Amino acid sequence: MTRRSIGIIVNGVTGRMGYWQHLVRSLLAIREAGGVPLADGTTIWPHLVLVGRSEPKLRQIAERHGLDDWTTDLTAALARDDVQVYFDAQVTQQREKAIRQAIDAGKHIYTEKPLAEDTEAALDLARAARAAGVRTGVVQDKLFLPGLRKLKRLLDGGFFGRVLSVRGEFGYWVFEGDWQPAQRPSWNYRAEDGGGIVVDMFPHWHYVLEELFGAVRSVSCVTATHVPRRVDESGRPYPATADDAAYGVFELEGGVIAQLNSSWCVRVHRDELVEFQVDGTEGSAVAGLRRCRVQHRAVTPKPVWNPDLPATEDFRAQWTDVPDNEEFDNGFKVQWEAFLRHVVAGEPFPWDFLAGARGVQLAELGLVSAREGRRVEVPELSL
């Protein structure tokens, strides 16, 4: 068996997502498994070059995991001939400049979303990458969640008949930072730093809707900053200038209507932090991060509205779990493996910079809708 080493710059590894999901649960997990196998017997072995702004943090992470290749100098890392891939998990405002550097250096690029701060910048990155002949990818992790993979299985098998609607609930209570520390970084709540739940979540909703149910043709959105004052990591109060909740209605190609609520100001009364209910003519399903439950037309009860009597039916018990039928690996790791096979072996990878630009576009138009109080059409994007 031949092992092929591929150098990967991991920029932003000191952040929460960069460290946990991409370094620990994806790239280090791939190494622990022996690499990514290819059909010809070759194994891809990720050689990791950690990049960040804090030398003490980088050193600490490297020592913790037995790594010795790290630097605070991105330009020097991109100049290396033994590096083929650049990955970006920085805050959004830093991303575009770094990705342009990587394109100029001729590196293949994989990045967290959103790809850029606005649609035109995202499209420009996609055009530049295509002109440079480099392969690109944008993280679209929710497609690889066990719950959504089961949902995709149901859709592919025709379980729903004609899909009518999708209702999604995402969110949890993020503490304000005063009497309990916040679970998310303070920049998320400052618009001037690229924060806001629309920018964070609408790119996710775009690829989930497009991949499973159809292209998004219009968006209607209401946003709110429910908690106007928060406390940062240093204990200093600051005004929250970004939206912390968004309530969206999306019209899809083919007539499906999707309603998706996103909030960092909601207390969870559901089984998982995100759930999607899909209703069709032949059946319905509720999919979360891991579980997926169904109710078919043939076994749907006939409830009768009577507010004068207490409810006696256990509605949740009337649904059936969809079995796993396979082993589900970490979604971030699965997409990393697919991207590395794309780079080395040319295997298909549809989640490129153009796909990422469509996610940015939906977030941008969602904010336009909220600001102007109207339904906004979503035009098709092309290079």
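The values are calculated or read from the model by the stated rules, or taken from the named source; none is laboratory data. Model, not experiment: these values are computed from the prediction. Glycine also receives a Cβ, built like all others from the backbone with ideal geometry; neighbour counts cover every protein chain displayed.
Which number in (1) within 15 Å of the chain's Cα centre (by Cα); (2) over 29 Å from Ala131 (Cβ atoms) marks the one condition that Gly373 misses?
(1)
Tell me the residue from Trp187, Trp179 that is assigned by TED's automatic domain parsing to the domain that holds Ser262, assigned to a helix (DSSP H, G or I) and either out of contact with any Phe, Trp or Tyr (no Cβ under 6 Å at 6 or more places or on another chain) or over 25 Å from Thr225 (Cβ atoms) (or both), please.
Trp187 is the lone residue from the list that is assigned by TED's automatic domain parsing to the domain that holds Ser262, assigned to a helix (DSSP H, G or I) and either out of contact with any Phe, Trp or Tyr (no Cβ under 6 Å at 6 or more places or on another chain) or over 25 Å from Thr225 (Cβ atoms) (or both).
Filter the range 190-227 down to the residues that are surrounded by fewer than 22 Cβ atoms within 10 Å (Cβ to Cβ), among the hydroxyl-bearing types (Ser, Thr, Tyr) and not in a strand (DSSP E or B) and list them by number.
Within the range 190-227, Thr225 is the sole residue that qualifies.
Which residues, counting only those in the range 338-348, are surrounded by fewer than 20 Cβ atoms within 10 Å (Cβ to Cβ) and more than 16 Å from the chain's Cα centre (by Cα)?
Scanning the range 338-348 gives Arg341, Val344, Ala345, Gly346, Glu347, Pro348.
Can you run down the residue pairs with Cβ atoms below 9 Å, 6 or more apart or on separate chains, where the first is in the range 319-334 and within 17 Å of Val36 (Cβ to Cβ) and the partner is outside any loop (DSSP other than H, G, I, E, B) and aliphatic (A, V, I, L, M)?
Taking only residues 6 or more apart or on different chains, the pairs are Asp329/Ala29; Asn330/Ala29; Gly331/Leu143; Gly331/Leu148; Phe332/Met17; Lys333/Leu27; Lys333/Ala29; Lys333/Ile30.
Matching residues to (1) part of a helix (DSSP H, G or I); (2) modelled with pLDDT of 95 or more; (3) of a type in the set (Gly, Ala, Ser); (4) closer than 14 Å to Trp336 by Cα:
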site: Leu28; (1), (2), (3), (4): yes, yes, no, yes
site: Trp45; (1), (2), (3), (4): no, yes, no, yes
site: Leu50; (1), (2), (3), (4): no, yes, no, no
site: Arg53; (1), (2), (3), (4): no, no, no, no
site: Ala62; (1), (2), (3), (4): yes, yes, yes, no
site: Thr75; (1), (2), (3), (4): yes, yes, no, no
site: Val83; (1), (2), (3), (4): no, yes, no, no
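Could you identify the single residue in Arg293, Arg316 that is touching a helix residue (DSSP H, G or I) at 6+ places or on another chain (Cβ under 9 Å) and either in a strand (DSSP E or B) or modelled with pLDDT under 95 (or both)?
Working: Arg316 fails: touching a helix residue (DSSP H, G or I) at 6+ places or on another chain (Cβ under 9 Å).
It is Arg293.
Based on what the data block shows, is Leu38 without any contact (Cβ under 8 Å) to a residue 40 or more places away in the chain, closer than 26 Å to Asp329 by Cα, out of contact with any Cys (no Cβ under 9 Å at 6 or more places or on another chain) and not aromatic (Phe, Trp, Tyr)?
Working: without any contact (Cβ under 8 Å) to a residue 40 or more places away in the chain: no; closer than 26 Å to Asp329 by Cα: yes; out of contact with any Cys (no Cβ under 9 Å at 6 or more places or on another chain): yes; not aromatic (Phe, Trp, Tyr): yes.
It is false that Leu38 is without any contact (Cβ under 8 Å) to a residue 40 or more places away in the chain, closer than 26 Å to Asp329 by Cα, out of contact with any Cys (no Cβ under 9 Å at 6 or more places or on another chain) and not aromatic (Phe, Trp, Tyr).
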